[in-house]
Structure formats: structure tokens, C-alpha cells
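The values are calculated or read from the model by the stated rules, or taken from the named source; none is laboratory data. Quick caveat: nothing in here was measured; it's all calculated off a predicted structure. Cβ placement follows ideal geometry from the backbone for every residue including glycine, while neighbour counts extend to all protein chains displayed. Surface areas here come from the heavy atoms of the whole protein model, side chains and all, with no ligands, DNA or RNA. Shrake-Rupley method; radii C 1.70, N 1.55, O 1.52, S 1.80 Å.
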Amino acid sequence: MREEEIPYKGIEGIPIIREPGSAAKVNRGSWRLVRPVHHSEKCTKCKICYIYCPDAAINWTPDGPEINLTSCKGCMICVEECPTGALTEEKEGA
Amino acid sequence: MQEFKSLKDIPEQDYFTGGSSACAGCGPSLGLKLALKVLGPETIIINSAGCMTLLPLYPNTPLKASWIHNAIENAASTAAGARHGLDNLGNGDMNVVVYAGDGATYDIGFASLSAAAAKNERIIYICYNNQSYGNTGFQWSTATPYGSETKTTPRGKENPTGNTIVNKDMLKIMGAHRVYAATASLAYPVDFLNKLSRAKERDGFSYIELLGACTAGWNYDPRLTIKISKLAVRCGMWPLYEIEHGMLNLNKDFNELKPIDEFLKMQGRYRALPPEGVERLQELIDEHWAELKEYNKQRYV
Amino acid sequence: MYKIRIHGRGGQGAKKAAKMIGLAAFKMGKQVQDFALYGAERRGAPVMSFVRINDDPILERGYVDDPDVVLVLDRTLLDLVNVADGLSENGVLLVNSEHKPDIDTPAEVKNVDATSIALDTIGKPIFNTTMLGALAKFTNIISIDALNWAIEEELSKYPQKLIEANKTAVRKCYEVAK
Amino acid sequence: MKQTLVTGNEAAAWGARLVRAKYIPNFPITPQTECIETLARWSADGELPGTYFDRMESEHSVMSAAVGAAAVGSRVFTATSSQGLLLMHEVLYIAAGMRLPIVMATISRGLSAPVTLWSDHNDFLDQRDSGWLMFHAENNQEVLDMVLQAYRIAEDPRVLLPAMVNMDGYVLSFTDEPIIIPSPGQVEEFLPKYAPAHTIAKNRPVTVGPPVLEEYSIFRAQNHVASRNALNVIEEVQDDFEKIFGRRYHLVDEFMLEDAELVLVTQGSMSTTAKAAILEMRDEGIKVGLLRLRIIRPWPNEAVAGALKDAKAIAVIDRNVAPGKGGIMFPEIIETLYNLDRLPLVSGFVVGLGGNPQTESKVKEITHKLMDDLAAGRPRMEWNDLEEI
């Protein structure tokens, strides 16, 4: 592009991000080799899985944890920390 | 002041989403997620170059708060500017919070941090300490513990110990700035959030150092982030304490520490640390623990 | 010039596989380039590495977009990444998988169960080196002897037992691949 | 209008005061110190209401804090010199990349080693590619006027770039000159309240300074286009400026160029000396004129080429040096002329490094050497300070 043809984009041409939390739509589930599976019958709703998820991929609902597989990278902290075995690990693509 | 008594008290509101390019199981990411629960959306996170710099990646960010990344060595001075900018424009109720790694805090940004603390700027400075320059692939910093292998302190024939330099006692240094200084752990979120809540209410500088377990650098299975964080506290590797007005307060006291072995064997960075190295590390930990016990509830700095 | 692209996930050794192919070809007297895309090598994240092999000095640089061979270390990537991108009808797409995957490409699709071979021989899922046996079988670009030399060179800091196990895995993969 | 006797440092401080800068991070360094001391005194006396005067621990932190405050929408002023400007270098790129209209007075001083306290322009010109707007004043009145204009230009939505206003250390910074200090009302009329749309505000969370992938080039291009836009804005603001303050400036300062066969190209305070020498040489019948570069970035190509197109020979007088190359502005001038139909002869002179004297006799000597070069058809690159050694 010739110099004089480069449009001046105003605020759009400034390297800032103006949409808070926009990363929520990014699919990081593609990184996952294993996935957490929730078994509500064993769940005591202690919130441990929700609190310890580094990617905020577990939403807390009145019914307990809800796993967001778009954000879950499969670190398995939730499975490791669940005190009642209400979260188990399943191989991705199995 | 908002006070939390148990995990159940921790707010269900998040100002942090998924979708970042942080490693699966990233400790520092979790730290920021938790911190924002207390800080809320009217917060500016000032970040220094490091792992967390890659949380936002244009055009997306996992933050529902504001963020400024300036460079690696100037988070505290950037924060001071933001603080006064906000105050002058009538936005004094917004939080200015630094989220910086240990390399940026202990080493290259120390002058900036020390000045902001000495001036008692109304800033919360959180150092997520992964005990290395993590984002460049795990190299030595002055926060790296004795005996840790890093890419710039590899074990070799001449030096089987890896890092032979004892890490800085940053809490003591910050305590000597007459500010609020505290350690925190991901495995004790109630304690961490209470410290943040307290810092938020203070009319001055607060320094909170969070052990930021690093799955890639410390070389452990990402599922173990919380287990390792907890063990660090139980072994005395990362005691939980705070210093205010020069007085020491040990937050988690134990009659007996677990041996450091248990902590070391979970992580690749300590693999092949010779027995004399383990012994020396244990000595250093015991000395520090004894000092904390001795000065607990007393003038420490 | 011969061009190879390797698809894997952070932590699966795509970079190391490229390095070993490069070393093997170099041992055979070729000019080589091997490299990985830098910056996104988080564990589990889709990553790529590349090799160029030539008789004469290589004047191309950067990303390979017209590979002769594509190696896919992890078949779960097939749903995520267009691994066949740039392959022609003369190309080979080699996937680490028990079954021959269904991929829309003019290239010849081959599969080898490198994970099982690695588990049988090395005892760990080290399928990045294992798969190179199949590469040697399907292309004439590197020999098994050269691969063995590359393994010794690249793994020299590891115990001899592990080196031998890797060599066995490569040999086994060479034998079963078809 | 009533004049006041102030130094260059004080003139810059007056600029900061009149624009109602909200935040002034600072760190002392000779020869700039008097500027921030002046502001400190005013701050202590309550003459800067609503302004926070922030003492920092390094120039690096000064510019970092400036970025922090500007990123939340504050109008920021600071000043520095020499090593301090170099210590800021990294953050200068960041401020420009974030498009934060910070204004800084730079008081030029030669760089170490060896140490000199005196002026040359290497510190200033080292920031040439940082993305900042770069203005260079000739006298104390222009220092103040440039600070006022710098804010107006930098904060224009078509520009949004930081700006430095340079003056020569000692020669201007520590020299009292009578200048007109405008009234706060006049300045308020010229420079409206700063209301940026791209910074962090309450209820407007913004991520400033994120990493990018291939968009990097787009943002760099926008930095460039914004800087080019400033050329138009600079010309535009002159009408308002003249209407309110009664003075007018141009992209370049032309002195006796109408019929000039020989042209001296200068920057900063030595231009005044050169103008005096030119008046004397004109009396002797020498057709010599002067082009003073007052806008270094964005580079006013057309104005420079237009002013030089009829010259037979040009002497570029550089108060700076790029070792291994020569004067820094020498090749910039040649490049600007390169596509003209008829090319003048261009010689380069490195003069006045580290405060070496800038005398009329030197200017005359350079002019005569330029005449020799023209006669011989052979340009030169000369290190003028060394003549007497």
C-alpha cells in the first residue's frame, strides 16, 4: 500500500482492547488431552473445583459446577482437588 | 472491610474469563482470577513483562477490568502515575494493582518498586513469584531458591547444585519500607483474599507476594498446582506471614514442618539435587522458620 | 528440495522430531534447515515444526507451506488443524493413529500406531521419535542408520537404555509401517 | 504587551503551568533541573491547583509514570536532558505506540563519555525514530509557545502522539530573555480540556499495551500516518494561535531565502547567531540565507525541499554527530532534495559539540568554505570544532 493510501483509523488504529472478557469466546478446549466429567450424585457443592480453576472454566450454578469446555484446557486441577470423586477424568476423543 | 471465613464465602462473581494463552494449570493465572474477585471491575492491573503479559492477546482479553502493560522494570512507577492520574480526575475509588513476576519485582524493577513503597503510594503490588524468569523459559532470578535447576543455573559436572545463590528475603525488605507486606498461597485462597481485602482498604502501599506455582518451569503435572502450593507452605518453603508497622504476624503456624524432600520430589527442577544440596536447603528453611517463630507478634524489621 | 511439516501439541516433541530428521539428513551429507514456530509452545497447544532437506545450499526460509510430507503426531489434531494444507498429489500425509483417518487431500494418507509401539518398546508414549521409523520407510530421504545416529547424538545426555529403546522403537515402526 | 525576563527552563515550566498539566513526574538532571525546581516551587506555593508534582527515582520511572497517568486520561508534562533522555528511550517508544499525548521539554546536553554538561543535539536526535513529535525551539519565547502548541497538536484526534520540545542546554535553559507570558484565559481558549476517547476511564475498562500478532505492522503504520497528519495540524493551529497570541510559526523557519544562492541549514539556538552573521554577510554582498529546522518529526519534506530548491549550495550545520557516518541531519537534507530536478551542492559541518562556541565568525567561515566548495564543485564533511587544534 502506498503511504498516502493508508487510511487513518482513529481510535481503531490504536493497540488497545475495548471489549472486556472477550477471550471467553476463544477456544482453548483444543489444547485439552483429557477432560473433566462431573457426577452430580457425588457432588457436595463445596466449590473447590470452581475456586481452583485457573481459566475460570467452571461456572458456579445453584446445581453445582458447570464445566465450560471452550475454556477448559484440561489441567485436571478440579479432578485432583475434588474431595468426593465427583469429578473424573476422561480421555479426549476416546 | 470484606472478610472471608471459608471457601463458601468467596464471591461467585468472576472478572476473569478463560481463553488466555497461559499454560494449563497456570498458578499465576489462578492468582489473578482470585484477586479480581475481591478487586472487582473498577481496577487497573499494571503488568510487567512476563508470563502474564500474554493473558491479553489482541483483540481478546480474559480481563473484565482494565490493564496496562508498560515494560518489565517499571510496573510500580507506571502504577504511581495511574494512581495520581485517577485521583486527579476524581476516580480515586478505582484500584491500582500491580501484577508482576519475581524477575520484574526482585531484580530489574526493584528501584521502581522500592520508590513507590517508600512514597507509600496507594497501590496494591502483587508479586506472582514463580521463582524464575518464567516467560523466557525458566531462567535464574534473585527469587530462585537454593538448589533449583534453571536454564541459566543448570546442574553440571562442575556444579551439581544448580542455583547456589540464596534467594532475597523480599518480605523483610518490603517490611522495612514500613508498608503492609504479606505472603500468600494459592492453596489458602481465604487467607489470600483476606489479605487483598485488607490491602484494598489501606490508605497506602501494600505488597503481597503470591507463590505462583509454575507447571512448565517447575516441571510437574499441571493437576498438582494446588497440592504443590500447599506443600510449599507445609514444608516451610513458603510460610504464610505478614509484616505491618514492622511487626510480624505468622498466619499459619505448625508445630512441625514437613521435610522438604516431599516438596522437592514432585518437581523436575529439583531432580538430581545431591543430598548435601537438599540438606543445605533444609537448613535454610529451618533457619527462616525459626526466625519467624522467634519474632512472631514482635518487631521484626 | 524436500520439505517436511510436523504437527503436534506442546509437550509432544514436534521440535525434537524435526531436529532428529535434520540431524539424520545432515549425517547423510545433505544441506538441512530445521525449526519450530516459536511463541505458543504451551502444553497441549497445537504446534508445528519444519524441516527442509536439499543437496545444494537452501535459499528458502520461514514457514513451509508446500510440504512433501506432513507428520501428525496426535490424531486429535485432525479436527482442529488443516494438516493437509499445501499437500499435493505427490505428497504423503502420515498420521499417528491405529486406523487410517479419513482426510480430504490429494496426497497419499498413511497411518502408523506409533503410540502403541512406543508403549511396547520404550514403555512411555514417546511417539515423536518412534514415528520417524515410518518416515524412513515411506520416503527415501533418510535411512534408519542415519536416524540411529541422530538419536544417539540428540539423546546423548540420557541413559544408554533409553537411547537403545528409542532405536528399537524406530526400527519396529519401520518394520510394521505399510 | 508586557514582557517578563525568564530562562528557557522557566519558559518551559510556564508552558506546563498554563496548559494546566495534571501530573508532572520528574527527576533532576543538569541542565534541566531548574525547570522542575520552578514547578516544585509553584506547586509548594499552591500555584498549580489540581496538579500532582511527583518526585520519581529515575527518568525511566518518570516516563513510566507519565505513561500510567496518560493511560488513564491525564494531561502530563515532564522534562529531562541527556543521559536522562536516553534512560527513557525504551519507554518513549511505548508512549508513542500507546498513542499517549504526553509533552516533554528536553534540554539538550551532550552525551557521556566523556562527561559534558554543555549542549549538543545527540540526546534529542537519538529519539528521532521513537514515534514522538519532535520540535526544536530557537529562543525562550518559542519554547513557551511550542509547549502550548505541542499539547494542542499532540491531543488532536488525528494525531494522538507524544511530543518533545527541545531547547539547547545553557544557551537557552540558563539564559534570561524577555518573553511574553500569555494569560491563563488565552491559553484556555487555545487549548481545550483534554478528553481522550482511547484511555481507561471509570466504567470504560480498556487493555492498554497488549501483545499483538500480525497486526503489529498495522499499528506501526497508524503511528506513522498519525505523525504525518500532524503536519497539517501544525499548520492549522497557527491561525488560532495567531488570533489569540499575535504570533505565527511555520513548518520551517526561512530567513533571507528569497534570492539566496547559499543556504545554511541549522537547528536551535545557533540559528540566532547564524542570522546575525548572515545580516553582516549580506552587507558584504554575499547572497546567503538560512533555513532553520524547527519540526524534526514529522519531517516536513515539502517545506524543506521548497525552501531549498533554488539554492546553489547548502551547508548543513549539525550540532551532533553519528560516529562512522557524520552529522545526523546532513543525509536527511540530501534525501529530501534527491528527487528535485536540479540538485544543489550539499556540504556537511559538525559544529559546537558539547557546547563548543557557536560564533558569528564560525558561521562566516562555514559560508566561505561553502563558496569554495561550490567553486570547486566538491562538497565536504567537516568537523568544524577542530580548526584551532
Residue list for the stretch C:31-46, filter: assigned to a strand (DSSP E or B), more than 14 Å from chain A (Cβ to nearest Cβ) and either free of Cβ contacts under 8 Å to residues at least 24 places away in the same chain or of a type outside the set (S, T, N, Q) (or both): C:32, C:34, C:35, C:36
Residue in the stretch D:319-327 that is open to solvent by less than 20 Å² (accessible area, probe 1.4 Å), at negative phi and not in a loop (DSSP other than H, G, I, E, B) present: no
Matching entry among D:268, D:285 (being at pLDDT 95 or above, open to solvent by less than 10 Å² (accessible area, probe 1.4 Å) and in a loop (DSSP other than H, G, I, E, B)): D:268
Odd one out for residue D:218, checked against (1) open to solvent by less than 50 Å² (accessible area, probe 1.4 Å); (2) within 25 Å of residue D:126 (Cα to Cα): (1)
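Per-residue answers, yes or no, for (1) in a helix (DSSP H, G or I); (2) among the aromatic types (Phe, Trp, Tyr); (3) open to solvent by less than 20 Å² (accessible area, probe 1.4 Å):
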| residue | (1), (2), (3) |
| --- | --- |
| C:9 | no, no, yes |
| C:17 | yes, no, yes |
| C:22 | yes, no, yes |
| C:25 | yes, no, yes |
| C:29 | no, no, no |
| C:48 | no, no, no |
| C:51 | no, no, yes |
Residues within the stretch D:366-389 that are at pLDDT below 95, in a helix (DSSP H, G or I) and open to solvent by 50 Å² or more (accessible area, probe 1.4 Å), tallied: 3
Some residue of the stretch A:32-40 being within 21 Å of residue C:76 (Cα to Cα), touching a residue at least 12 places away in the same chain (Cβ under 8 Å) and at the interface with another protein chain (Cβ under 8 Å from one of its Cβ atoms): yes
Close pairs from the stretch A:79-94: first on the phi > 0 side of the Ramachandran plot, partner open to solvent by 80 Å² or more (accessible area, probe 1.4 Å), Cβ under 9 Å, at least 6 apart: A:85/A:42; A:93/C:75; A:93/C:79
Top-ranked residue of the stretch B:38-60 - restricted to ones that are touching a residue at least 12 places away in the same chain (Cβ under 8 Å) and at the interface with chain A (Cβ under 9 Å from one of its Cβ atoms), ranked as farthest from residue D:216 (Cα to Cα): B:41
Complete set of residues in the stretch B:168-189 that are of a type in the set (A, V, I, L, M) and either assigned to a strand (DSSP E or B) or open to solvent by less than 30 Å² (accessible area, probe 1.4 Å) (or both): B:170, B:171, B:174, B:179, B:181, B:182, B:184, B:186, B:187
Residue that is nearest to the other protein chains (Cβ to nearest Cβ) [pool: residues in the stretch D:19-73 that are in contact (Cβ under 8 Å) with a residue 40 or more places away in the chain and among the charged types (D, E, K, R)]: D:22
Residues (more than 30 Å from residue D:206 (Cβ to Cβ), open to solvent by less than 10 Å² (accessible area, probe 1.4 Å) and within 11 Å of the chain's Cα centre (by Cα)) located in the stretch D:84-142: D:107, D:108, D:121, D:124, D:125, D:136, D:137, D:142
Selected residue (criterion: nearest to the chain's Cα centre (by Cα)) from residues of the stretch D:297-333 that are more than 25 Å from residue D:228 (Cβ to Cβ) and of a type outside the set (Gly, Ala, Ser): D:319
Which numbered condition residue A:74 fails, given (1) closer than 26 Å to residue C:75 by Cα; (2) within 11 Å of chain B (Cβ to nearest Cβ); (3) open to solvent by less than 60 Å² (accessible area, probe 1.4 Å); (4) assigned to a strand (DSSP E or B): (4)
